[in-house]
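The structure appears right after this line, and notes come after that.
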Amino acid sequence: WRQGYRARVLAEILQEQSRLPDMIEQTPEAFSCPALILHGSSDKLYSAQGSHAVHRLWCQNIQGGDAPGSFPVLKIYDGAYHQLLNEPNRDEVISDIIAFVNVAPQGFITIKLKTSWMQEQMGDLFEHELQLRSSSPQRIVIDYSSPNIAKEMHVGHLRSTILGDTVANLFSYLGHDVVRLNHVGDWGTQFGMLLEYMRRKDALDGEASMVSDLQQFYRSAKQAFDEDEDFRKSAQTNVVELQGGSEWARTAWNRICEASRKEFDLVYQRLNIEGLQERGESFYNEMLPDVVEDLQRKNLVTESDGALCVFTNVSETPLIIQKADGGFGYDSTDCAAVRHRVQDEKAQRVIYVIDNGQELHMRMVFSAAEKAGWLGEGQKRLDFMGFGLVQGQDGKKFKTRSGDVVRLRDLLDEAASRSEAELRKRAEAAQRDIDTQKEEQLKKDAESIGVAAVKYFDLRQNRNSDYRFSYDQMLDPKGNTAVYVLYAYARIAGVLRRAEHDVSSLSSSDLVLTEPSERALALRLMRLPEVLTQLEDDLLPSRLIDHIYGLATDFTTFYTECFVIGSEQEKSRLVLLEVVRRQLAQCLGFLRIQPFEQL
Ligand code: ARG
């Protein structure tokens, strides 16, 4: 059936353009090719400029029907272009978009896009800002970052923060109504012991010093909790008092949260994270009894050793929605949170950016939500956007020399100071003096580059894999790094600055694509909508990095092969470079990385 299926798909694609059916006769081998490679994804975007019309052309017709799982893939593949160019009759006009299609027996469809059409597309990108909109905008809650109060933010939170922020920025750009929620761990038994420890230490109303002390308090409190029966009892009483709203406990708790918040905000500022609302576990406290009742009414609750459990379809272990002692925990909170997000926040999609270690927990919550009917008839989508571990150079858990978890702050400091050293070296090599003013700028640049490098390196990985944290790799000016991309950008900006013609005086009619490397750049530029459409669905930000890196390397190739300034094609090439510059800036903008006009 596969053969027949492929033939049908191909026929459908081809019928889209009235002149294409002729082609079927011209290439009967299409129906016997061993593996037709189709590529693309759901077509949810459209662009005002129609810059990915080709993509849409193929996808529309392949969508629906009896499409199996994760297909279809149709490569808009320009690789064979040069050989074919010289063959007679190949270049005949089949449509406005396509110069010709060739189906190779190995199973590739090679499509040569018409140069005139590509020029039009580039012209559009030059004249108008690329504005992509989702054809079905949704209200989307994204739960990310979510560190724990009174603890240090660590690399796991770094990943969640960066991944979540990138996806949130992208979704906003696509026209979705995005709610960014920081589900901080600000509730639970740990506060009982923390309060107890601080009460005994007389540290309950301390102010500034607390920020750095909290972690230490936490450790000592935990130790006392484990060793001292009396301490344990008081700690438990404190939890009850806190959850019951007792004045002293609330005040002390608030102070702890405030201190942690200040720390988190410092990191968010450095990472350029904006719009993230804190809505921690405590927010759901009031709703917990009602959620339990709701689940009971729906006959989903089983009692086991005094605890109230919900068994789901994903695991033999249940969710514990109320403990035997009447208390509520992480499971209860997440059940309340998911219900609140879909019912009160009216989210149509909720995305959880959490480490893979919590996947089972989240899947159980998703299953409970479905069984409880909170998701309607499949109108609500819940995504677990998991990620792997960040490891040290040795492939083991990422730790400091003393064995502590690496603090996010220290990690960013280190990246910044290494990039500072590199900038100094460059300045020296170029025999540039660094006066006080330049000194300040250099420090600022080093911070931006360091942070950008950390972000980029993280996003570059497939989020599901573990990766080894390596300063050398992430700061390598020749590798797939923010540093490489930032230099490429600055080089483009430099060319545009130095050129005789001012870009604003040029027009799309100045553009002519002649060289293969120009064509390659244009093709790359046209693929952004496809990249974003895929990302919208599979939530893999590494796709965006691939695109950014592709743009930067295609530019490098172009720039080694083609003269710009002073060449006959100067005007045309400036137009093309301006389009590249803008798209690079836009993509880096999704990562909240500000490129440099000069480096
Ligand atoms: N605070 C948790 C942690 O640090 C992450 C919370 C993730 N979000 C959630 N809804 N459970 O591991």
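Just so you know, all these numbers are worked out from the coordinates, no wet-lab data involved. Keep in mind that what you see is a predicted model, and the values were worked out from it rather than measured. We place every Cβ from the backbone using ideal geometry, glycine too, and count neighbours over all the protein chains shown.
Among the trypsin sites (Lys or Arg not before Pro) within segment 369-465, those in coil by DSSP and having at most 15 neighbouring Cβ atoms inside 10 Å are LYS396, ARG401, ARG432. Rg and Dmax, both from the Cα atoms of segment 377-419 and both in Å, are 17.0, 53. Other residues lying with their Cβ under 10 Å from the Cβ of LEU475 contribute a combined charge of -2, Lys and Arg counting +1, Asp and Glu -1. With all pairs of different C-alpha atoms in the average, the Kirkwood value for the hydrodynamic radius of segment 121-162 is 14.2 Å. Between the beta carbons of ARG498 and ASP344, assuming R0 = 56 Å, the FRET efficiency works out to 0.50 to the nearest 0.05.
Return the Rg/Rh value of segment 508-599, two decimal places, where both radii are evaluated on C-alpha atoms and Rh is the Kirkwood radius.
On the way: Rg = 14.0 Å, Rh = 14.0 Å.
Ratio of gyration radius to Kirkwood radius for segment 508-599: 1.00.
Relative to the compact-globule estimate of 2.2 N^0.38 Å, the Cα radius of gyration of segment 118-205 comes out at 1.80. Over segment 289-377, the alpha carbon radius of gyration divided by the compact-protein estimate 2.2 N^0.38 Å works out to 1.03. Pairwise Cα distances in segment 230-365 exceed 24 Å for 44 percent of all pairs.
Taking a ≥ b ≥ c as the square roots of the eigenvalues of the Cα gyration tensor of segment 219-275, is the shape rounded (a/c under 1.5), prolate (a/b larger than b/c) or oblate? It would help to have the intermediate numbers written out before the result.
Values: a/c = 4.08, a/b = 1.86, b/c = 2.19.
It comes out oblate by the Cα gyration axes.
Charges were assigned to the Cβ only: +1 to each Lys and Arg, -1 to each Asp and Glu. The resulting dipole of segment 402-501 about its Cα centre is roughly 400 debye. Modelled this way, with points 7 Å down the Cα-to-C-beta line, the labels at GLN379 and GLN277 are 2.1 nm from one another.
Highest first, please rank the peptides 495-502, 534-541 by the mean number of other Cβ atoms sitting within 10 Å of their residues.
Top to bottom by mean Cβ count within 10 Å: 534-541, 495-502.
Subtracting the Cα-Cα distance of ASP230 and THR317 from their residue separation scaled by 0.36 nm leaves 28.1 nm.
Taking a Cβ cut-off of under 12 Å around ARG219, the surrounding Lys, Arg, Asp and Glu residues balance to a net charge of -2, with basic ones at +1 and acidic ones at -1.
When the listed pairs LYS114/LYS455; LYS298/LYS380; LYS222/LYS399 are checked against a 28 Å cut-off, the alpha-carbon distance exceeds it for LYS114/LYS455. Let a ≥ b ≥ c be the square roots of the eigenvalues of the Cα gyration tensor of segment 390-538; is it rounded (a/c under 1.5), or, if not, prolate (a/b larger than b/c) or oblate? Cα axes put segment 390-538 in the oblate bin.
Of interest is the spacing of the C-alpha centroids, which for segment 547-591 and segment 116-185 amounts to 24 Å. Can you list the lysines whose alpha carbon is less than 18 Å from that of LYS262, not counting same-chain residues fewer than 8 positions off? By straight Cα distance, LYS262 reaches LYS151.
Say R0 is 22 Å: what FRET efficiency, to the nearest 0.05, do GLN473 and ARG426 get from their beta-carbon distance?
My answer for the efficiency is 0.70.
Debye-formula intensities of segment 161-301, expressed as log10 I(q)/I(0) at q = 0.17, 0.19 Å⁻¹, are -1.01, -1.11 (one equal scatterer per alpha-carbon, no solvent). Based on alpha-carbon atoms, the Kirkwood radius and the radius of gyration of segment 499-547 give Rg/Rh equal to 1.15. At R0 = 60 Å, how high is the FRET efficiency between GLU440 and GLU303 if r is their beta carbon distance? Nearest 0.05 is fine. With a Förster radius of 60 Å, E is 0.40.
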